[in-house]
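Reading through the structure tokens given below for one structure.
The values are calculated or read from the model by the stated rules, or taken from the named source; none is laboratory data. From a predicted model like this one, the values you see are computed outputs, not experimental measurements. Quick reminder, even Gly has a Cβ in these numbers, built from the backbone with ideal geometry, and neighbours come from all protein chains shown. The accessibility values were calculated without ligands, DNA or RNA, using every heavy atom of the protein model including side chains. Shrake-Rupley method; radii C 1.70, N 1.55, O 1.52, S 1.80 Å.
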Amino acid sequence: MQTPESESVVTEQDTVTEPLLSVQDLQTYFFTDEGTVKAVDGASFDVYAGQTLGIVGESGCGKSITAKSILQIIDRPGRIIGGQVKFSPDGAAVQNLLELEPNGPEIRSIRGGEISMIFQEPMTSFSPIHTFGNQIIEAIRLHSSLDKIEAHELAVDWMRRVGIPTPETRMSEYAYQFSGGQRQRAMIAMALCTEPRVLIADEPTTALDVTTQAQILDLLQTLQKQNDMAIVFITHDLGVIAEVADIVAVMYLGKVVEIGPVESIFSSPKHPYSKALLSSMPTIDAAHRERMPSITGAIPHPQNRPSGCAFHPRCPSYMSDICGLKEPELVSVGTDQQASCFLYGRD
Amino acid sequence: MLGYLIRRVVYAAFAVWAVSIISFFIINLPPGDYVTSYIAQLAIQGNIIGAEEAESLREYYGLDQPIYVQYLKWMNQIRQGNLGFSFEFGLPVNDVIGERLILTMILAAATIVFIWIVAIPIGILSAVRQYSIWDHTFTFFGFVGLAVPDFMLALVMMYFSFVLFDFSVGGLFSPEYVSASWSLGRGIDLAQHMIIPIIILGTAGTASLIRITRANLLDELRKPYVATARAKGLSEWRLILKYPVRMALNPAISLTAYILPFLVSGSIVVSVVLGLPTVGPILLKALVAQDMFLAGGIILLIGWMTVVGTFLSDLLLVWADPRVKFEGR
Amino acid sequence: MESNPVEHELALEMEDTVEERISVASQRQLIWWRFRKHRVAVVATAIIVIFYTMVIFADFLATNVPADSEAFRGLMPPQPVHIFDGWKPSPHVCAVSGARNPITFQKDYVTDCTEKIQVRLFARGYEYKLLGVIPTDRHLLGMSDDTLRPEDHIYLLGTDKQGRDMYSRLLFGTRISLTIGLFGVVLSLVLGIVLGAISGFYGGLIDNLIQRLVEITRSIPSIPLYMGIAAAFPHDWSILKIYFAITIIISLFAWTDLARVVRGRFLTMRDEDFVTAAMLSGANQRRIIFRHMLPSFYSHIIAAATLALPLMIIAETTLSFLGLGLRPPAISWGTLLQDAQNVQTIALTPWLMIPALPVILVILALNFMGDGLRDAADPYSN
Ligand SMILES: Nc1ncnc2c1ncn2[C@@H]1O[C@H](COP(=O)(O)OP(=O)(O)OP(=O)(O)O)[C@@H](O)[C@H]1O
Ligand SMILES: [Mg+2]
């Protein structure tokens, strides 16, 4: 059992330029009866300690599958086909997580230990027939040498920290006795109780009302500061991204099409898709419920991905001589900002 | 939970009553009343009964009264533990049934245990290794097991054990134990003789339990809470056994209540073919001879037995699924 | 919007039906496509079609009158058809002669392949009416007329104790067992659909009552119950009467399953948009049930009925086997298997077990077919 070392980091932070987690050219396909679904097809991004990477994109673009691929918890018929997930916690040797044996002890000690995950569906992400205490104590004991009583105390402590009232009694309750917001908090407590280096939060606030959402975002940011934790924050809510992210990655059909600091992306998006996405973001003066004015056409199914740049059938700046024929690469389009579009260089 | 329990109890009581009505209905089905049949039976044995005696018999059984009075009379008798008289055997029904009811129950209970022991691991294996050679093999055997009627399985087993092993299946005891009193030796002897009947009886139930377990486990394995557990770093087998298997057991428990009536039905037929000393063969004999108090009594008892069994597995569900406790489904 | 409102409504109605037809057709096609992918189910369907063809042409396929018995040819072993005589194609069976064993007093049969009985296709045999109307005496297989001697017989699957032809009896038994199941399914379909629809459509108290009825029916062991009812049939009832009485009894076996399927469908469907829309637009309830709801899951009903059929066949076979269902001289799989109840008989005359094969085959095939249909109709349920 490895216990996460959480102290030594702070001093090194400024000198370390290595990303804590680096995903390169990740490909995860689903081999279904109807054909191959390329859910993630060449996604790349880096995550640094103490920073938050926001991943945005329309529903079905492969955000959750990317997250699950990092921990190798893809369900059949999905398979990780290629790419690298480099993890280098606190100066330790760089490790490609995808090379670890899928259910072997090494990856298992990282799962939930150094890299934790918060799932999208707080309703169904707990076992309905085990008490909440049972499930969180299990998570603690898997990654530490605490005995049952100590683990119980730690769990109660975390429940209190995430703002669940009367944590002692709630430990012996079942998930369906929690409200949606409480479940989400409980989920966060379970993910954080092992003090991970990286937290992958897959739409942790979608199911919540605005007030609760704000509380939970605050909570995450506070905890992040305390532990110098890196967060991968997945959402399709651009407002949330603007609030929490340091770096933003925009995904479209399984690919990161643009990545850069949050200010740059919001002030001057380069990729036509990012532009469209951002202009669909409701602002205070925009008419309510106006539907994405500038993205025409439907998202193609990942199974029949358009050739060349996958966005070309919907793209307002479509160039017939290249977009449908070649796949663009990520190229630099500003300080720390990259986009994959032929508008910015055609190799 | 209380709501659930009360509902189950009310329902069981209702079922008990329904079974008694059905049994009484069956007793009264054959044309002519019990006394007429009885007299005819006696006549065959050369025992002629006069009209007066017949009248007094009718009065004794309440046959001159309306049907609901007859029913109440019968129920009252049963309350006192008296199931009536069997003219086919010339004995009180209680004595005819005797040990046979207990053996029927033992057989059914043992078969359920067998079904669980065999089907649950296979169902888990089939789901976890979906589409593997094992999965395909068990799925195929499951289909065959479900398809072949019990009596035919009994015939085929009988044929093969006779032809291949020169061993004739039949009975539940070796000759020296047939009418011995209960002892360890008798118990062991019974266990040995029950193996083949249990396999025959349990095949269909095993097949359906494998299918249910497999299907439910496949469903459960796709649920988000499994991903959560996996993301915690739990090892695969521990995870499967702790979470989805535990969930998949609930439908398995419900299924037990569901297959119990089929098991009892099957045990009747299999017992006839294999000549097992359960209530099966005497039920058949009673029906063929239209010895209706015996037949009705047996149907009543096995019906009640099934109701109680179903009730017990409903209780088991409360223990197994906390949601039942709280939702009060 | 100047068009006259009646016309407008009419146009809407027409649009409605056209659209419905298209969606139903494509639904049907989808199901067919999905069904075709289940290889086993397709093979199983072919087997069922073959069996029901045999039911229709049982007379034509038979070689002997099933009731004809010849006491001196009891328990004769099967005579397989040989197609070649050496290298020369000459379909024949070997003659079998029997003599009473002076010690055991049992008939011992000797197959004598030097003495051949020629057989041919479309041979003349006993007279019957093809499909119940066309009188003829042609049978698929029979002895050739030219070499025929009066004492020759062919018993492809041997004979039973009374010297009746097992092969022909099996064909007629198949006819009875398969049709009785079919009628039973129709009856229980009616019962199941009516009760299930009422239960699922109205919900509330009625639903509750019907559900309790279903539950109780299910929790009572059926075989002893139906044994009890069947035993009460008077001994002097005609075969036809018993046939229908048994049909009714076995239809009681499966209606609960069908009612459950239909009810479940109705419950989910009641909340679906198109039903709500139909209700809001004021369509009457009968119309909603029969025009909108039933057609949208007739495929489920077919699947459920296919899965109920084997239950019926097993029920009839079991009852008849126990001597409480169809009684001789009626022939069904159950009555045929009655002869194979005892180990000694099976060991000495294993061909009496042959009727077990079609029973298992048909029941398996129906199960595979029903499963395939159900998967095709509803790929998301298990
Ligand atoms: N088990 C599966 N089988 C086949 N395809 C799958 C499976 N799981 C996911 N996919 C496909 O992978 C693609 C990406 O799914 P993913 O869950 O990552 O989307 P997402 O970006 O998280 O969307 P959302 O915002 O709705 O959560 C989808 O198009 C989906 O169809
Ligand atoms: Mg997602």
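Go through the residues of region A:138-148 one by one and say whether even a single one is more than 13 Å from chain B (Cβ to nearest Cβ) and either among the small types (Gly, Ala, Ser) or crowded, with 21+ Cβ neighbours inside 10 Å (or both). For region A:138-148, residues more than 13 Å from chain B (Cβ to nearest Cβ) and either among the small types (Gly, Ala, Ser) or crowded, with 21+ Cβ neighbours inside 10 Å (or both): present.
In region C:327-375, of all residues being outside any helix (DSSP H, G or I) and facing another protein chain (nearest Cβ under 8 Å), the one that is nearest to residue B:275 (Cα to Cα) corresponds to C:341.
Checked against the criterion of being in a helix (DSSP H, G or I) and open to solvent by 50 Å² or more (accessible area, probe 1.4 Å), the candidates C:178, C:187, C:225, C:195 yield just one match: C:187.
Here is a yes/no grid of residues against (1) farther than 19 Å from residue A:113 by Cα; (2) within 13 Å of ligand 1 (Cβ to nearest atom):
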| residue | (1), (2) |
| --- | --- |
| A:43 | yes, yes |
| A:47 | no, no |
| A:73 | no, yes |
| A:88 | no, no |
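The residue of region B:239-255 that is nearest to the other protein chains (Cβ to nearest Cβ), among those that are surrounded by fewer than 22 Cβ atoms within 10 Å (Cβ to Cβ) and of a type outside the set (A, V, I, L, M, F, W, C), is B:246. The criterion of at least 1 residues that are closer than 27 Å to residue A:168 by Cα is met by the following helices (runs of 4 or more DSSP H) wholly inside region A:178-260: A:180-192, A:210-227. Can you pull out the residues in region A:159-204 that are closer than 19 Å to residue A:111 by Cα and without any contact (Cβ under 8 Å) to a residue 12 or more places away in the chain? Selection gives nothing. For the residues B:164, B:201, the requirement of being in the same structural domain as residue B:124 (by TED's automatic domain parsing) and either in a loop (DSSP other than H, G, I, E, B) or more than 19 Å from the chain's Cα centre (by Cα) (or both) singles out B:164.
Within region B:226-238, the set of residues being part of a helix (DSSP H, G or I) and either open to solvent by 20 Å² or more (accessible area, probe 1.4 Å) or within 16 Å of ligand 1 (Cβ to nearest atom) (or both) comprises B:226, B:227, B:228, B:230, B:231, B:236, B:237, B:238.
When we screen A:84, A:95, A:51, A:120 for residues that are within 11 Å of another protein chain (Cβ to nearest Cβ) and open to solvent by 50 Å² or more (accessible area, probe 1.4 Å), the only hit is A:120.
Please indicate, with yes or no, whether at least one residue in region A:217-228 is over 27 Å from residue A:88 (Cβ atoms) and within 16 Å of ligand 2 (Cβ to nearest atom). No; the residues of region A:217-228 include none that is over 27 Å from residue A:88 (Cβ atoms) and within 16 Å of ligand 2 (Cβ to nearest atom). If you filter region A:214-244 down to residues that are open to solvent by 10 Å² or more (accessible area, probe 1.4 Å) and within 16 Å of ligand 1 (Cβ to nearest atom), you find that the one that is modelled with the lowest pLDDT is A:236.
Among the candidates A:44, A:64, A:127, A:59, the residue that is part of a loop (DSSP other than H, G, I, E, B) and surrounded by fewer than 23 Cβ atoms within 10 Å (Cβ to Cβ) is uniquely A:59. Might you let me know whether region A:182-205 holds any residue that is open to solvent by 10 Å² or more (accessible area, probe 1.4 Å), modelled with pLDDT under 85 and within 16 Å of ligand 2 (Cβ to nearest atom)? Looking for residues that are open to solvent by 10 Å² or more (accessible area, probe 1.4 Å), modelled with pLDDT under 85 and within 16 Å of ligand 2 (Cβ to nearest atom), one finds none in region A:182-205, hence no. For region C:193-240, a residue qualifies if it is more than 23 Å from the chain's Cα centre (by Cα) and of a type in the set (Phe, Trp, Tyr), and the qualifying residues are C:201, C:202, C:233, C:237. Within the option set B:276, B:287, being within 8 Å of chain C (Cβ to nearest Cβ) and over 17 Å from residue B:209 (Cα atoms) holds for one residue only, B:287. The number of residues in region A:69-81 being within 11 Å of chain B (Cβ to nearest Cβ) and either away from ligand 2 (no atom under 16 Å from the Cβ) or in contact with an Asp or Glu (Cβ under 8 Å, 6 or more places away or on another chain) (or both) comes to 3. Within region C:54-84, if we keep just the residues that are open to solvent by 60 Å² or more (accessible area, probe 1.4 Å) and under 15 Å from the mean Cα position of the chain (by Cα), the residue that is nearest to residue C:157 (Cα to Cα) turns out to be C:57. On inspection, residue A:131 fails the criterion of being among the β-branched types (Val, Ile, Thr) and at positive phi.
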